[in-house]
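Visitor: Dumping the structure here so I can ask a few things about it.
Derivation of every value follows stated rules applied to the coordinates shown; laboratory data play no part. Every value quoted in this text rests on a predicted model; they were computed, and no experiment measured them. Note: ideal-geometry Cβ built from the backbone for every residue, glycine included; neighbour counts use all protein chains shown.
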Amino acid sequence: MFLNVIMLVGIAGAAVPLVLHLLNRARYRNVAWGAMMFLRATDTRRRYSTRLRQWIMLAVRMGVVALLAVALARPVAAGKMGALGASANVTAVILLDHSASMGYGRPGQTRMDQAREAVRQIIASLHRGDDAALITLGDFPRTPPPRPTADLQSIVDSLDSPQLQAAGTGSTNIADALSLAANLFERQSNPNRQLFIVCDRQANNWRDVTARMADAWRQRVGGAGAPPRFFVIPVGGWESDNLAIESVAVNSPQIVLNQAFDIQITVHNFGSTPRPDVPLWVFIDQRQIAELSASVPSAASTTVIQSLRIRAPGSHVITVRTQSEGVSGDEQFHLAVEVIRPIDVLVFRDPPLSSPPGRADYLTLALMPLAATGHGRIDATAVRLQAWSADDDWAALDSRRFPVIVLDGISQITPIQARALEQHVYGGGGLLVSPGSRTRLDNFNALLYRDGSGLLPAALAPPTAADGSQATAILGIDLSHPIFSFLRGRPDPAPPATIARHFRTAHVRPDAQVLAIYTAGGQMLMAANFGRGRVLLCTTPLDEDWSTLPLTNFYLPMVQSMIRYLAARPSRNLAAGEPIVAQFDAGEQATAVVIAPDGARQELPLQAAGDAVEARYTATAQPGIYTVALGRQIQHFVVLAPRQESDLTPLSPDQWKTLSDQLGFKVVEITRASIAAAVGDARSTHEMWAFLLAGVLALGLAELALGRAWSSGVGGTKLS
Amino acid sequence: MSFVSRYLEPALVERLNHLQLSARRVVEGATTGLHKSPFKGASVEFRQHRFYVPGDEPRRLDWRVLGRTDRPYIKEYDEETNLRCLLMLDCSGSMAYGNPHKFDYAARLVASLAYLMLANTEHVGLAIFSDALHRWIPPRSGTGQLAQIVDALEHVTPRGPTQPARAMHQAADRLGRRSLVILISDFLSPVAGIGEGLAHFGHDRHELIALRVLDRDEIEFPFKSWTRLRGMEGEKPHLCEPAIMRRLYLDNFQRHEKQLQDRCHALKTEFALFVTDHSLLESTTRFLHRREAMSGT
């Protein structure tokens, strides 16, 4: 193995003596010589000997050059050969698993405690002059890894820091860690490199390590020379029992004040023992409002649905907790929700606004069912119908007053109206476009699609036949989309509606989402973002003219869900490292305050964002609840803890072997003797360049000696 | 001759005027001189008494001994004669190597020795050879001989292969009377051939001196980069990496050097090495002093 492979090119230099030999032969000088009789070898043996000497000299000279090139390529050797080389100092990189799963175990005997002891032993095994870097895995933010330091005591001291006293909250990804180590090694010139990974046996740590990735990594760290000696020191046992709240989801795109909504609580049992009666407590803003029970089979999930209603607008945190002895942190789940007041929806229609006698205004009924039935409760949406007029420039569109606008079958719009709609959506408003039989496609396409740069997710094409000969049904629905979250868990989510006619679409924008399609093909419902707002395009009218959709039980929740989706605020549930962006109504305060999960407070400067102000906070490494306050305005954000750590399933012996073969590491079980022996064995790799240089010197001297011996005569030149 | 000064520098001449080259062994001279002659007769140095045999010249009887002992003894003397020397110079292609050429160096050595000996009224001749004798100047005395030798040196260009044995055979056949033969060459040829030639001279009872002239490069093989060595005597070129080839070369050179010296020793031939990066004056002086010391003269 060579550390400087490029220098092996120098082996070609071995041809130089041969070339010089041939050149010299070709560029000889002519001398008229009298004593020719002494140039003739006296016997055949002498003649062959002379020729042999010539070739030996040439071979020695070529050997000097070739050996020098090999020495400059800095070969390394192990074992008995390595003992000939010079012992070099070691650069050790220690990757320490600091993920949530390392907290498993009894206090004082957690996996993290064992891991810290293992790191101490590794450090103790290093010698004076060695350097090392300790990199913790599973932490946020991922700061640049520390450079290896010869101050090994500082690394030992860092193990006692509060940060490393307990397990972290993140997730370890060994593939990322290996890449990090490779980066570090690339900046090191020391050829004697050692890589240690101290982690638990969790299979999930290695989830992204594939054969291809392993090949690429080994080529990267070993391509330019000797690969590092690689050891994995697993800590902890083979236990995998753990119960975790896998997720908590709200079955509505937007929670509305006093409107009931469902939350789906999914509990996963990673162990092999069924859990028949798992208690679940539901809290809203730290106040318990429900206690549930779930039966969770072994190695399976169970979903529990709980209906909730929140009676105060604003930011809230829903928390679900359970009781688990496994990994800390995954026994509870926080969800930040924003509860808004009923949504004011502005619906534009061609006059007359009222439906003809004998026909129902299904859209209004669906959006305000309680009002239509005379029920005393307040609907989630408040509809205001407005007749479309070409003279109306919609300059007075109040996006804050009407967060959602519906174009319900209007025939056309003016350019000024189109621009007003764009402003509305760009600023964060929602727009539902539902063309009808009187809609002028050319007008809509020119002003709302604008060759893909407008509001519509796709251009509208002529509708299907009016005679119903191309009637179809809704076939595919994207159940993962928030609009259709109300359908989750239903056995047959497709509505039994007949779509007699619908508009075709053309030139679908690449960023458009297709949420529902027809049996006959073509998009039924499409979504797209525009600025900070959202647009939905329903290709069949929302009344009963072209379909029986309003007559199905699918219609009301779908329409309400579409409106809630269009009115929904940005999610406040973030991944670790994702920045918090809190928008407030402008006030007198100059700064907002953020309170981190650990109670730390920090003032945040405010920036103008339209009519509002905005505060940003990026140090979201720690999972938990972040509270941002501006005066009386409070917003909660939740940084979700990664749930991969909940799965403690250990690697099987076969998986260990496969990984070991792929990455070339040696598994060292944690005992003082085994780690010391492993490190000692790693030191048997030595650079051979000094040994080879000595060989070069020896060959050079041999060349001189042979040249002198073979070119000088016995008795020398004593004649005078 | 105008060429004389080119081969005999004033400093060299000055030094040579204080030196002499004597024959260590007996040579046959034509005139009375410094050197011992194998011919016994009326000379100044008494050798022995010998009983008279019929035919001896009566004048050579030692009358004093006859008067005291009544026995006729002949009085014998060692005849002292002048030196008869042949300088043999290699002009093969390999002698052209170096800066200055080994041949130039050797030619100056030849001129110096010729001057030295002619100044002592010796007889000096010159034989220039490579694979055979190319020029033959019989030994004579007199200043005209020096001019003739220098002229011969001036008109020789080193080239061609070496066959010293053949040249030495030819020279030995021509030389006749016992002489001092000074062979000046790089001796870059098989020792066996050289030995044959030397043996021929030895058999004819000539005194032999082998002076080897080499360039420093030929001793040390100092090349660093790839070199294509092209033979100067028509050998096939050889491309070599010196770092590897040097050992082989030096081994072969050392072996050849030792064989050559051993062969010279066996044939009672004095051997000396001259390297062209050394001053000719110093090298010649050192050689003559050493020779003088060894001969006890």
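Visitor: Restricting things to Cα coordinates, could you compute the convex hull volume per residue of segment A:420-501 in Å³?
Guide: For segment A:420-501, the hull spanned by Cα atoms encloses 126 Å³ per residue.
Visitor: Inside 10 Å of the C-beta atoms of B:231-239, what's the mean count of C-beta atoms belonging to other chains?
Guide: Taking the mean over all residues of the peptide, I get 4.
Visitor: For segment A:243-340, would you read off the P(r) tail past 23 Å as a percentage of all alpha carbon pairs?
Guide: 24 percent
Visitor: Within 10 Å, count the other beta carbons around each residue, average over each peptide in A:603-615, A:548-560, A:178-190, and list them highest first.
Guide: Per-residue mean Cβ counts within 10 Å order the peptides as A:548-560, A:178-190, A:603-615.
Visitor: Is there a simple number for the mean count of other chain Cβ atoms within 10 Å of the Cβ of residues in A:25-32, and what is it?
Guide: 6
Visitor: Going by C-beta contacts inside 10 Å, put A:VAL198, A:VAL232 in order with the fewest on the left.
Guide: Exposure proxy ranking, most exposed first: A:VAL232, A:VAL198.
Visitor: On average, how much area does the Cα convex hull of segment A:308-408 cover when viewed from any direction, in nm²?
Guide: One quarter of the hull surface, i.e. the mean projection, equals 10.4 nm².
Visitor: Let me ask another. FRET efficiency for A:LEU556 and A:ASP478, Cβ-Cβ distance as r, R0 = 22 Å, nearest 0.05?
Guide: Here the calculated transfer efficiency is 0.70.
Visitor: Where does each of A:SER99, A:SER161, A:SER547 land when they are ranked from fewest to most other beta-carbon atoms within 10 angstrom?
Guide: A:SER161, A:SER547, A:SER99
Visitor: For segment A:573-639, what percent of Cα pairs sit more than 19 Å apart?
Guide: 24 percent
Visitor: Let me ask you something else. Which is farthest toward the positive dipole end of segment A:347-567 among A:SER411, A:ALA506, A:VAL383, measuring Cα position about the Cα centre, with Cβ charges +1 (Lys, Arg) and -1 (Asp, Glu)?
Guide: A:VAL383
Visitor: Given the alpha-carbon gyration tensor of the protein assembly as shown, what are the semi-axes of its equivalent ellipsoid in whole angstrom, ordered largest first, with each equal to the square root of 5 times an eigenvalue?
Guide: After diagonalising the Cα gyration tensor, the semi-axes are 126, 35, 22 Å.
Visitor: Okay, next question. Cα axis of helix A:672-682 to longest principal axis of chain A: angle in degrees, 0 to 90, nearest 10?
Guide: The angle comes out near 60 degrees.
Visitor: Moving to a separate point now. Evaluate the distance, in nm, between pseudo-label points positioned 7 Å from the Cα of A:ASP393 and of B:ASP131 along their respective Cα→Cβ axes.
Guide: About 12.7 nm, to one decimal.
Visitor: Given H placed 1.01 Å from N in the peptide plane, which residues other than close sequence neighbours of A:LEU308 have an amide H under 5 Å from its amide H?
Guide: Placed amide hydrogens put A:PHE261, A:ASP262, A:ILE263 under 5 Å from A:LEU308.
Visitor: Quick check: convex hull over the Cα atoms of segment A:347-567, volume per residue in Å³, rounded to an integer?
Guide: So the per-residue hull volume is 124 Å³.
Visitor: While we're here: What do you get when you divide the Cα radius of gyration of segment B:98-211 by 2.2 N^0.38 Å, with N the number of residues?
Guide: 1.02
Visitor: Based on other C-beta atoms within 10 Å, arrange B:GLU122, B:GLU270 from fewest to most.
Guide: Going from least to most buried by this count: B:GLU270, B:GLU122.
Visitor: Given only helices, namely DSSP H runs of n ≥ 4 each adding -39500 (n - 2.57), what is the per-residue ellipticity at 222 nm of chain A, to the nearest 500 deg cm²/dmol?
Guide: Result for chain A, helices only: -7500 deg cm²/dmol.
Visitor: In peptide B:217-227, what is the residue-averaged number of other protein chain Cβ atoms found within 10 Å of each Cβ?
Guide: 5
Visitor: Shifting gears a bit: Across the protein assembly as shown, how many lysine pairs, 8 or more positions apart or on different chains, have C-alpha atoms separated by under 30 Å? Please give the number.
Guide: Close lysine pairs under the 30 Å cut-off: 20.
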